[in-house]
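Structure first, commentary second.
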Amino acid sequence: MANELIGKQEIDTVFETVSVLIKQAKLRVAARINSEMVMLYWSIGKTISEVLLHGEKPDYGRGAIEDISARLTLEFGRGFDKTTVHRMVQLYQEIPEEEKVATLSQQLSWSHFVELLPIQDDLKREFYATLCANEGWSVRALRERKNSMLYERTAISKKPEETIKNDLLAVRKKGEMSVDVAFRDPYVLSFLGLEDTYSEKDLENAILAEMQKFILEMGSDFAFLARQKHFVLDGDDYYIDLLFYHRGLNRLVVIDLKIGKFKPADKGQIELYLRYLEKNEMRPGENKPIALILCADKSEEAVKLMGLDEGDIRVAQYLTKMPPKEEFEKRLALAIANAKKSLDGK
């Protein structure tokens, strides 16, 4: 009799609610297991490093690591081969701060750490670990961003070491992202499949057709709002190419597309767009709008003279074809070296 009084809709509602509770609990358990495993590996690495290797690199005690690995495998089964044990030692030696590993282990899997460990530069590793945790990258996404040299293309890489540390700390502790962390130069838009000759409209259409890939290149905090956003000022019509919102920056982002070289006159148009958005579109609690001029080429000297390497208007080059990796590495390394040299000279 009681079952007849309970409707199917009520049963369905309870089933859905309980299903969500079970799934959430499973996710929490999986996250806890992952965190415990990473911290176990870190502790094993610490013990081997301090007791057997006396702080030396893993290659110093290759024989000892192989011996430990064989005995652990015999006692506890798979998961303790010599390569994995070698990485445990690396994890402790590269990130000796237990609190930092404990925090990252809440968001990153052991496979993420395996991708991060080969990065030799501490700041670069910190950058990838911080953004990976903040934006929820998969292991595959982390690998792809490393291969595309994301760090070297991000404006923050060209800043002083202390600035980099402070900006990454703000992301890690408060989720606050600086423009230098969010913006890149150059952007690689090879996925657009553009021919050698194309118009700004072709570029815009290609971006809209490949919006998911475009946002992956820009950064996952970007949210698309409008194309050719129209407004009227003193009877004249104006159109903003692309308008985004960036969650980490908490501000509107204008993207202006140029198929040619950046011209100083482009700045005036963008300033008008920003002032209009600030007055008419900005919501309470948001930061002032910011703009990114994406161009096929630019003069670094002109950009610096106009103060566009800082502030609310940034200029970045885009590439429609990915250059050979060696050439790309040299180019980015030179850009970083020149930027840091320029800062040292101030």
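Below 15 angstrom from the Cβ of Leu52, what's the summed charge of the other residues (Lys, Arg +1; Asp, Glu -1)? My count for the surroundings of Leu52 gives 0.
Take the cross-link list Lys213/Lys325; Lys46/Lys341; Lys158/Lys325; Lys57/Lys321 and give me the ones stretching past 31 Å between alpha-carbons.
In this structure, Lys46/Lys341; Lys57/Lys321 lie more than 31 Å apart at Cα.
Taking amide hydrogens as placed 1.01 Å from N in the peptide plane, the amide H of Leu292 sits under 5 Å from those of Val254, Ile255, Asp256, Arg314, each at least 5 positions away in sequence or on another chain.
Can you give the extra length, in nm with one decimal, that the chain gains between Asn287 and Glu310 once fully stretched, where that is 0.36 nm per residue apart less the Cα-Cα distance? Taking Asn287 through Glu310 to full extension adds about 6.7 nm, to one decimal.
Taking Cα atoms, how many degrees apart are the long axis of helix 122-135 and the longest axis of the chain, rounded to 10 and kept between 0 and 90? Roughly 80 degrees between the two axes. Quick one: helix 325-344 against the long Cα principal axis of the chain, what's the angle to the nearest 10°, folded into 0 to 90? The two axes meet at around 70 degrees. The gain in end-to-end length when the Asp234 to Val29 segment is fully stretched comes to 67.8 nm, 0.36 nm per residue minus the alpha carbon separation. The length gained by stretching the chain between Leu21 and Ser299 to full extension, at 0.36 nm per residue less their Cα-Cα distance, is 94.5 nm. Karplus-derived 3J(HN,Hα) values for the stretch 47-56, using 6.51 cos²θ - 1.76 cosθ + 1.60 with θ = phi - 60°, are 4, 5, 5, 7, 8, 8, 9, 6, x, 6 Hz; glycine and proline are entered as x. In this simple spin-label model, placing a label point 7 Å from the Cα along the Cα-to-Cβ direction at both Ser199 and Glu10 gives a separation of 6.4 nm. Here's the picture: charge each Lys and Arg Cβ at +1 and each Asp and Glu Cβ at -1 in the stretch 202-248, and of Gly219, His230, Ala206 the one pushed furthest to the positive end of that dipole is Gly219.
With only Lys, Arg, Asp and Glu charged, each at its Cβ (+1 for the first two, -1 for the last two), find how big the charge dipole of the stretch 184-325 is about the Cα centre; round to the nearest 20 debye.
The dipole magnitude comes to about 340 debye.
A Cβ-based charge dipole, computed about the Cα centre of the stretch 1-126 with Lys and Arg at +1 and Asp and Glu at -1, lands at about 220 debye. Each of Ala129, Ile22, Gly61 was scored by the projection of its Cα onto the charge dipole of the chain, and the greatest displacement toward the positive side belongs to Gly61; charges sit on the C-beta of Lys, Arg, Asp and Glu. Using the Cβ-Cβ distance between Glu50 and Leu169 with R0 = 25 Å, the FRET efficiency computed as 1/(1 + (r/R0)^6) comes to roughly 0.35. Positive-end ranking of Trp42, Leu72, Pro96 along the dipole of the stretch 1-114, with charges on Cβ about the Cα centre, is headed by Leu72. Sorted largest first, the spans of the alpha carbon positions of the stretch 1-114 along the three principal axes are 75, 31, 18 Å. For the chain, relative contact order (Cα pairs under 8 Å, six or more residues apart, normalised by length) works out to 12 percent. Over all directions, the projected convex hull of the C-alpha atoms in the chain averages 27.1 nm² in area.
The numbers here are math on the coordinates, done by the rules we state, and not lab data. Note that this is a predicted model, so its numbers are computed, not measured. Glycine also receives a Cβ, built like all others from the backbone with ideal geometry; neighbour counts cover every protein chain displayed.
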